[in-house]
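Report on one structure; see the data block that follows.
The values are calculated or read from the model by the stated rules, or taken from the named source; none is laboratory data. The shown structure was predicted, so the numbers you read here are calculated from the model rather than taken from an experiment. Note that each Cβ is placed from the backbone with ideal geometry, even for glycine, and that neighbours are counted across all protein chains shown. We work out accessible area using only protein heavy atoms, side chains counted, and drop any ligands, DNA or RNA first. Shrake-Rupley method; radii C 1.70, N 1.55, O 1.52, S 1.80 Å.
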Amino acid sequence: MAKTDLSKDVAGILASLGVPTACLSGGTLKARSPIDGSVIGMLKTISPIETTVAIDKAHAAFLEWRLVPAPKRGELIRLLGEELRTHKDALGRLVSIEAGKITSEGLGEVQEMIDICDFAVGLSRQLYGLTIATERSEHRMMETWHPLGVTGIISAFNFPVAVWCWNAALAIVCGNSTVWKPSEKTPMTAIATQAIFDKALKRYNEAGGAAPANLSTLLIGDRAIGEVLVDHPKVPLVSATGSTAMGRAVGPRLAGRFARAILELGGNNAAIVAPTADLDLTLRGVAFAAMGTAGQRCTSLRRLFVHDSVYDALVPRLIKAYGSVTVGNPLETGTLVGPLIDKGAFDGMQKALAAAKAAGGTVHGGARMNESDGGDAYYVRPAIVEMPSQSGPVKEETFAPILYVIRYSDFNDALALNNDVPQGLSSSIFTNDLREAEAFVSDRGSDCGIANVNIGPSGAEIGGAFGGEKETGGGRESGSDAWKAYMRRATNTVNFGRSLPLAQGVKFDVE
Ligand code: NAD
């Protein structure tokens, strides 16, 4: 892999956003780039006691911000969208350097931030409640939506900036303050994002706005800092994105203090290729969904059920595409597959491939491609594994580019296989048979939060409510009516008459 000085690149990007160079050194948290394994900064971390103080300050910010009318809160997010447009290239490049995404995906992630800002600006004028028919005469009953409090955000390494924005843009127009604990694997992009938010906030206040200090707080630290956020009584909602192991730890702790949880966790996503599928379209859809972001998306395609009648026309072509795809430096044009995030991800992939072989699978690809470099970067040839059945590692999420392929002959069997994992997040069917397509998205079809027809399972538009693993009860954040999770509902009854109806037969003397 070509050597460049990534730490200089990173320092330049952060300087362009106004982050003082001194912030990038002298700490204990090693920020690294998966592109070449080099260290791009040594960052200072926050202590648990400082975290508690920061959350208290965020609560004070909430008490002020909730009084600002919602459309005026939307103006701050409009400015955030503008700042993100201005700094899209810089932030997108930083995402590529720190998370290893190819250039178009790094930029695409920032575009998602811009899109959710646009969505949230419109939403700031649409936080509607219902007016409800009341059984009492001369009364009116309505529901109103109020700001909730501090919104805690915990994010994963593979969407280092978009996840914050999906939550923060909504939380802030809803009248909340936010406290963000990013992944310890991607702290630099979080520092850059906070700097961009601060620019928007400065412009907002210079134009006469009243946004309080500490409206958006960044906590650089490890999971112990995340735990302080999860346990703090002044945080009524935590939106946590990451592995199901993380969700299992966080969910019960929040439930223990009756706090709300939005849990966006792992996915073991499948697609069915039916006899009538357009195989050219399917090939492109499958290859991108399975290999994009080196298989490190929560919605990456991991299981493929191919009908007997098209198996031999599709799978050899897919294996060929896997063998020829360009793997390498994500900053270089033409690369489709960048590096794995670290050695842990590489070891996890090799372990899953060995288990698949032991379960009777035939493995194509999967080897490390830059072993001779001797460095701390991990590039792999994406792997296809032809499996005799859905067993062993096929039923787990391995966060790496492995696609398990299994034959089927009956549609209902394929549907049952699609649904036979606990981590149902996203799913697809490739078919031109209307009955199959409709059955797949119906109540007896896919049980995932995302069910697509003739498009792969990977990625999601911000307009829909994202997520929806069946393990965590469905999701969530971003579009549709997801905003309701960031607010509390009150039902108000107003009596505009002169009588006060009491229960039948109840009388008391008020003279
Ligand atoms: P991870 O679970 O290791 O870490 C995610 C975040 O949780 C980090 O910030 C980490 O510090 C924090 N954390 C871990 N344990 C915690 C605890 N006990 N209390 C509080 N915080 C804790 O995940 P990762 O390796 O960074 O990301 C990959 C995983 O995230 C995959 O499983 C992927 O599918 C999932 N993911 C899901 C979505 C989604 O929207 N459904 C999106 C992106 C990633």
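Taken one residue at a time, the phi angles of segment 216-232 give Karplus couplings (6.51, -1.76, 1.60, θ = phi - 60°) of 10, 10, 10, 10, 8, x, 9, 4, 4, 6, x, 5, 4, 4, 5, 8, 6 Hz. Gly and Pro are set to x.
Roughly how many debye, to the nearest 20, is the charge dipole of segment 250-324 about its Cα centre, given +1 on each Lys and Arg Cβ, -1 on each Asp and Glu Cβ, and no other charges? Before the final figure, lay out each step's value.
Values: 9 positive and 5 negative charges, 111 e Å.
Here the size comes out at about 540 debye.
Along the axis of the charge dipole computed for segment 43-168 (Cβ charges of +1 for Lys and Arg, -1 for Asp and Glu, origin at the Cα centre), the listed residues TRP164, ALA99, HIS59 are led at the positive end by HIS59.
Computed about its Cα centre, the charge dipole of the chain is approximately 960 debye, with only Lys, Arg, Asp and Glu carrying charge at their Cβ. Farthest towards the positive end of the charge dipole of segment 269-453, among the residues ASN419, ALA439, THR293, is the Cα of THR293, using unit charges on the Cβ of Lys, Arg, Asp and Glu.
For the modelled label position 7 Å from the Cα of LEU279 along Cα-to-Cβ, which residues of segment 310-349 have backbone nitrogen atoms closer than 15 Å? The answer is 310-321. Solvent-accessible area assigned to carbon and sulfur over the chain amounts to 54 percent, based on a 1.4 Å probe. The phi-based Karplus calculation (6.51 cos²θ - 1.76 cosθ + 1.60; θ = phi - 60°) puts the 3J(HN,Hα) values of segment 127-143 at 7, 7, x, 8, 9, 10, 4, 9, 7, 9, 7, 6, 10, 10, 10, 8, 10 Hz, whole numbers, x for Gly and Pro.
Projected label points at VAL494 and PHE288, each 7 Å from Cα along the beta carbon direction, are separated by 5.1 nanometres. By the Cα gyration tensor, the chain has an equivalent ellipsoid whose semi-axes, rounded to whole angstrom, run 42, 32, 19 from largest to smallest.
Excluding residues on the same chain fewer than 8 positions from LYS484, give the lysines whose Cα lies under 30 Å from its Cα. The qualifying lysines are LYS57, LYS72, LYS88, LYS181, LYS199, LYS202, LYS234, LYS470.
Residue ranges 340-346, 493-499, 419-425 sort as 419-425, 340-346, 493-499 when ordered by packing (mean number of other C-beta atoms within 10 Å per residue, highest first).
Identify, among ALA352, THR362, TYR378, the residue whose Cα sits farthest towards the positive end of the charge dipole of segment 335-393, taking +1 on the Cβ of Lys and Arg and -1 on the Cβ of Asp and Glu, with the dipole about the Cα centre. The residue sitting most towards the positive pole is THR362. The magnitude of the dipole of segment 269-453, with charges of +1 and -1 set on the Cβ of Lys/Arg and Asp/Glu and taken from the Cα centre, is near 320 debye. Put simply, the amide H of GLY149, placed in the peptide plane, has neighbours under 5 Å in SER177, leaving out anything fewer than 5 places away on its chain. Heavy-atom accessible surface of the chain, averaged per residue, reaches 42 Å², computed with a 1.4 Å probe.
Residues whose amide H falls under 5 Å from that of ARG407, counting only those 5 or more places apart or on a different chain, are VAL306, with hydrogens built in the peptide plane.
Taking a point 7 Å out from the Cα of ALA213 in the direction of its Cβ, the residues of segment 22-52 whose backbone N falls within less than 17 Å of it are 50-52. The fraction of Cα-Cα pairs per 5 angstrom bin, counted from 0 for segment 58-158, comes to 2, 11, 14, 15, 16, 13, 11, 7, 4, 3, 2, 2, 1 percent, rounded to whole percents. Between helix 88-99 and the chain there is an angle of about 60 degrees, using the helix long axis and the longest principal axis of the Cα atoms.
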